[in-house]
Amino acid sequence: MLNKALVLILTYNEEIHIARVITDVKGNLPDADILVVDGESSDNTQPIAKKMGAWVISVPSSLGIAGGMEAGLMFACEQGYDYLIRIDGDGQHEAREINHLIHPVVNGQADLAIGSRFKAKESTYKTSLTRSLANRLFSFLVSILAGEKIYDTTSGFQVLNGNAVDFLCQLRNFEYSEVETIILLKKAGFKIQEVPVTMKPRVGNQSSFNFIRAFFYVFTGFLSLLFTINCNYRRRQDFDD
């Protein structure tokens, strides 16, 4: 049984997946609270999530994943959760992997655990060429800046402890991206661990991650990294109990 834990599910038009995702989370973490942060879905994502017993917050779709992460982090911080577990609402992440992923955080081995699609040698996860190139580029850059190899820098399957959540909530000029989160936490002295997990290929709504979006994602992410490494932030010790 975990201490106070919040499962954050980010959604946008996921009515075909959300009921199963919430059911799976409840089956694997029955004592955790569930918060769905939805980007103004035009389908029945929100009413289905509410019917399933999850809390639902709506954020403008123009804010994207970053806006959803910001809302989830602020909610977890204000409510004093000990753990924040992020899982996507599209069914790619296996809820049964959560207990495996949270293990190093609960045991104090990590402040952030990343569910990695690529760390395991036997990984068979497939992605598009543009997304694959973006992932490899960020892995190269982040690994240099972090001083350790990070295989999956854009994974949305994560567990953070309360200290990491508090730290991120108090930062200014934080863009709430997975890449920047890794650099900020590592630079501040937080412990990060990648945990190999199994992820399913996306089913249903097609990804909008085309060549133009990939270029924009890499360009803005690179600028964010340059800004991040030139800023001084409070250290991890300031957030320890």
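The values are calculated or read from the model by the stated rules, or taken from the named source; none is laboratory data. Bear in mind that the values here come from a model prediction, so they are computed numbers and not experimental data. Every residue, glycine among them, receives a Cβ derived from its backbone with ideal geometry; neighbour counts consider all protein chains shown. Accessible surface areas use protein heavy atoms only, side chains included; no ligands, DNA or RNA. Shrake-Rupley method; radii C 1.70, N 1.55, O 1.52, S 1.80 Å.
Here are the numbers:
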{"item": "For a label point 7 Å along the Cα-to-beta-carbon line of N28, residues of the range 36-57 with backbone N under 17 Å", "result": "36"}
{"item": "Inter-site label distance for N173 and W55 at 7 Å from Cα along Cβ, in nm", "result": "3.1 nm"}
{"item": "For the range 12-53: accessible area per residue (Å², 1.4 Å)", "result": "49 Å²"}
{"item": "Long-range HN-HN contacts of N44 with modeled amide H, under 5 Å", "result": "E15"}
{"item": "HN-Hα J in Hz across the range 173-182 - Karplus 6.51, -1.76, 1.60, θ = phi - 60°, x for Gly and Pro", "result": "6, 9, 8, 6, 9, 4, 4, 5, 4, 4"}
{"item": "Percent RCO, i.e. relative contact order, over the range 131-180, from Cα pairs under 8 Å lying at least 6 residues apart", "result": "34 percent"}
{"item": "Backbone HN-Hα couplings from phi across the range 149-164 [Karplus 6.51/-1.76/1.60, Hz, Gly and Pro as x]", "result": "6, 10, 7, 10, 7, 10, 5, x, 9, 9, 10, 10, 8, x, 5, 5"}
{"item": "Per residue convex hull volume, Cα atoms of the range 1-151, in Å³", "result": "140 Å³"}
{"item": "Cut-off 14 Å between beta-carbons: net charge of the residues surrounding I18, Lys and Arg +1, Asp and Glu -1", "result": "-3"}
{"item": "For q = 0.15 Å⁻¹, Debye-computed log10 I/I(0) when each Cα of the range 33-110 counts as one equal scatterer", "result": "-0.61"}
{"item": "Local net charge near Y151, Cβ-Cβ under 9 Å (Lys/Arg +1, Asp/Glu -1)", "result": "+1"}
{"item": "Gained length - K200 relative to H103, 0.36 nm times residue gap less alpha-carbon distance", "result": "32.8 nm"}
